[in-house]
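What follows is a single structure, written as structure tokens, with notes after it.
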Amino acid sequence: MAFSSYKTIGEVLKAFQTTYTESNFIGEAEFNIPDYFREDLETVMREGVVDNSEFAICENLIYPVLKEIWKKYSSKFTLWSHESLNYDEKLSGFPEYILAKRSPLGKVVFDKPYFILVEAKQDNFEAGWAQCLAEMIAAQRLNDELRITIFGIVSNGDRWQFGKLKDEVFTRNIIFYSIQELDKLFSAVNYVFQQCELQLNNLVTA
């Protein structure tokens, strides 16, 4: 089944025997947002058509935020857009964005471990999380024996929700973040990137 075949979180939890919990695990990691980014986003949101499709949401609202933060971590990670992620016939498809370890063979090599999966949805967060969780499970299994936490983000461009998968437990963050409060959103996303960096560093030194 393609990731998009899953429509509810419960369906994915049952299919892959994963436990659901909720807590506020997102910390704050302050990020200095450049003025040019604020000005560009303000113009796009004021003058552009930013949310008429999931493609528009990705291009106008999600990718710019991810890219701005990723640049700080680009020596260690590659941010992939719509790259094929295939584990088996039940877990396959094209997540909107994947943060993965930067391969020693070069930036064009899609290399594990995979750390963050991002899914865009036009307000249907139930279906968005069903797909994102299936993608997170695929990433976890493709990471083989590496027992790292996989993070997930589902966004409609305005609202951003966060989750994490550790072993067989999926935790969804209770608080969501909004692009209307840009500093808080950047702090949340930067926190997730920081956690990925810490995990990668631990893998290197292990």
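The values are calculated or read from the model by the stated rules, or taken from the named source; none is laboratory data. Bear in mind that the values here come from a model prediction, so they are computed numbers and not experimental data. Cβ sites come from the backbone with ideal geometry, for glycine too, and all protein chains shown count toward neighbours.
Given the conditions (1) under 21 Å from Glu22 (Cβ atoms); (2) in contact with a helix residue (DSSP H, G or I) (Cβ under 7 Å, 6 or more places away or on another chain); (3) of a type in the set (A, V, I, L, M, F, W, C); (4) in a strand (DSSP E or B), and given that Phe115 satisfies all but one, which numbered condition is not satisfied? Among (1) under 21 Å from Glu22 (Cβ atoms); (2) in contact with a helix residue (DSSP H, G or I) (Cβ under 7 Å, 6 or more places away or on another chain); (3) of a type in the set (A, V, I, L, M, F, W, C); (4) in a strand (DSSP E or B), the lone unmet condition for Phe115 is (1). Residues of the stretch 130-145 that are crowded, with 24+ Cβ neighbours inside 10 Å and either within 17 Å of Gly157 (Cβ to Cβ) or basic (Lys, Arg) (or both): Gln131, Cys132.
Filtering Ala56, Ala29, Ala100 for residues that are assigned to a helix (DSSP H, G or I) and among the small types (Gly, Ala, Ser) leaves a single hit, Ala56.
If I filter the stretch 164-186 for residues that are in contact with a Leu (Cβ under 8 Å, 6 or more places away or on another chain), under 20 Å from Lys90 (Cβ atoms), among the small types (Gly, Ala, Ser) and modelled with pLDDT of 95 or more, do I get at least one hit? Within the stretch 164-186, not a single residue is in contact with a Leu (Cβ under 8 Å, 6 or more places away or on another chain), under 20 Å from Lys90 (Cβ atoms), among the small types (Gly, Ala, Ser) and modelled with pLDDT of 95 or more.
Considering the stretch 1-26, and only residues there that are in contact with a Phe, Trp or Tyr (Cβ under 9 Å, 6 or more places away or on another chain) and either acidic (Asp, Glu) or part of a strand (DSSP E or B) (or both), the residue that is farthest from Tyr177 (Cα to Cα) turns out to be Ala2. Looking across the stretch 149-191, the residues that are within 23 Å of Met45 (Cβ to Cβ) and either assigned to a helix (DSSP H, G or I) or of a type in the set (Ser, Thr, Tyr) (or both) come down to Ser155, Tyr177, Ser178, Leu182, Asp183, Lys184, Leu185, Phe186, Ser187, Ala188, Val189, Asn190. Given the structure, is Lys72 within 21 Å of Phe186 (Cα to Cα) and within 19 Å of the chain's Cα centre (by Cα)? In short, yes.
Selection of first residues in the stretch 96-125 that are within 22 Å of Val65 (Cβ to Cβ) and of second residues that are in a strand (DSSP E or B) and among the acidic types (Asp, Glu), restricted to Cβ pairs under 7 Å at least 6 apart or on distinct chains, gives the following pairs, ordered by first then second residue: Glu96/Glu119; Ala100/Asp111; Lys101/Asp111.
How many residues are surrounded by 15 or more Cβ atoms within 10 Å (Cβ to Cβ), out of contact with any Lys or Arg (no Cβ under 7 Å at 6 or more places or on another chain) and assigned to a strand (DSSP E or B) if we restrict to the stretch 71-88? So the answer is 3.
Could you say which residue among Thr43, Thr18, Thr8 is modelled with pLDDT of 95 or more, more than 22 Å from Phe162 (Cα to Cα) and among the β-branched types (Val, Ile, Thr)?
Details: Thr18 fails: more than 22 Å from Phe162 (Cα to Cα); Thr8 fails: more than 22 Å from Phe162 (Cα to Cα).
None of the other options fit; the residue is Thr43.
Listed conditions (1) of a type in the set (Val, Ile, Thr); (2) under 23 Å from Ile148 (Cβ atoms); (3) out of contact with any helix residue (DSSP H, G or I) (no Cβ under 8 Å at 6 or more places or on another chain) are all met by Ile69, apart from (3).
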